[in-house]
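Here's the structure, in structure tokens; my notes come after.
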Amino acid sequence: MLMRYATLSNNQIHYAPNPIKVGDRVIGNPPDSVYTEAGYLPVIETEPPETDERHYAEPHWAEENGQIVQSWAVEEIPITEEEALMHYANELTGANDTDLISAAETLIEQRIKEE
């Protein structure tokens, strides 16, 4: 696999260009030494961890031993207010989502008729 090079700033990775301009020369597919002389570091990428439907893997980058190393944090996917209320109602009543939606639709229809 081809080694990638980058710089790191505020946990944001900035990959080296290809071709790269060095002085007044433009070098396509430069050797590793050109990137390191230009201040870029080798990038070590890792596989993200497995997640479920309520989580996602967020990449993080750190400079370690002259390399930029990728790590991962598993984060919870934020839920909407509606999802939170449905979950809370389900916890209280033991009803499933279909029952709750049907009850909400019935209440809405009743309020429309009252107006």
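Computed per residue of the chain from DSSP H runs no shorter than four, each worth -39500 (n - 2.57), the mean residue ellipticity at 222 nm is -10000 deg cm²/dmol.
For Kirkwood radius over Cα pairs in Å, one of (1) 13.8; (2) 16.1; (3) 19.0 was computed from the structure I shared and the rest are decoys. Which label? Derived directly from the coordinates: (3). Estimated from the Cβ-Cβ distance and a Förster radius of 22 angstrom, the FRET efficiency linking Val22 and Gln70 is about 0.25.
We did not get these values from a lab; they are worked out from the coordinates using the rules stated. This is a predicted model, so every value here is computed, not measured. Here Cβ is always computed from backbone atoms with ideal geometry, including for glycine, and neighbour counts include all displayed protein chains.
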